[in-house]
Amino acid sequence: MREVADDTLERERSLAVVLNGFAALAMLLSGLGVYGTMSFRVARRIGEIGVRMALGADRWSVLRGVLAESATAVVPPVLAGLLLASLGNRALANLTFEVSPVDPITLVAVAAGVLTLALGAGLPAAWRAARIDPARSLQP
């Protein structure tokens, strides 16, 4: 009986492995995208960040500002994803097993994971911005 059950669920398990692989790839690519975008934005704003630090902004406020910008860039897509997930719950119903497609714990966990990924991807750019030397950034 165990062999029959394993054979019956083989297709679903294979599909789950493939979908998990694509999800991991999507998370990696989104993290790289946020990292690249934040690095570019920090590089373009070196002069502005240098002026702020020269006028008295401390490293932690610069770090918080860049991380807040990173989170702000990701919140609208996360909200859109939550909306689309709740609208597309009927299409997802046959792909989930013992989990509701609109399970609030799962949706909140995924949203928190994406926001954490965005903050983690923005952290190197924020750290680089916080270490800017104001005197060097203001030189022509």
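Just so you know, all these numbers are worked out from the coordinates, no wet-lab data involved. Keep in mind the model is a prediction, meaning the values are calculated, not measured. All Cβ positions, glycine included, derive from the backbone under ideal geometry; neighbour counts span all protein chains shown.
The table below gives the values:
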read-out	value
Per-residue HN-Hα couplings for region 57-66 [Karplus 6.51, -1.76, 1.60; θ = phi - 60°; Hz; x = Gly/Pro]	5, 8, 4, 5, 5, 5, 4, 4, x, 5
Karplus (6.51, -1.76, 1.60) ³J(HN,Hα), θ = phi - 60°, over region 123-132, in Hz, Gly and Pro reported as x	4, x, 5, 5, 5, 5, 5, 6, 9, 5
Using a Förster distance of 35 Å, the FRET efficiency for Val75-Thr8 (Cβ separation, nearest 0.05)	0.25
Packing-based order for 114-126, 72-84, 56-68, 11-23, using average beta carbon neighbours within 10 Å, highest first	114-126, 56-68, 72-84, 11-23
Alpha-carbon gyration tensor eigenvalues x 5, square-rooted, for the chain, Å	44, 15, 11
Dipole magnitude of the chain about its Cα centre (Cβ charges: Lys, Arg +1; Asp, Glu -1), debye to nearest 20	920
Over region 2-72: Rg over Rh, Cα atoms, Kirkwood Rh	1.42
Between 0 and 90°, nearest 10: helix 2-44 axis offset from the chain longest Cα axis	10
For the chain, with +1 on Lys and Arg beta carbons and -1 on Asp and Glu, the positive-most of Val75, Val17, Ala85 along the dipole	Val75
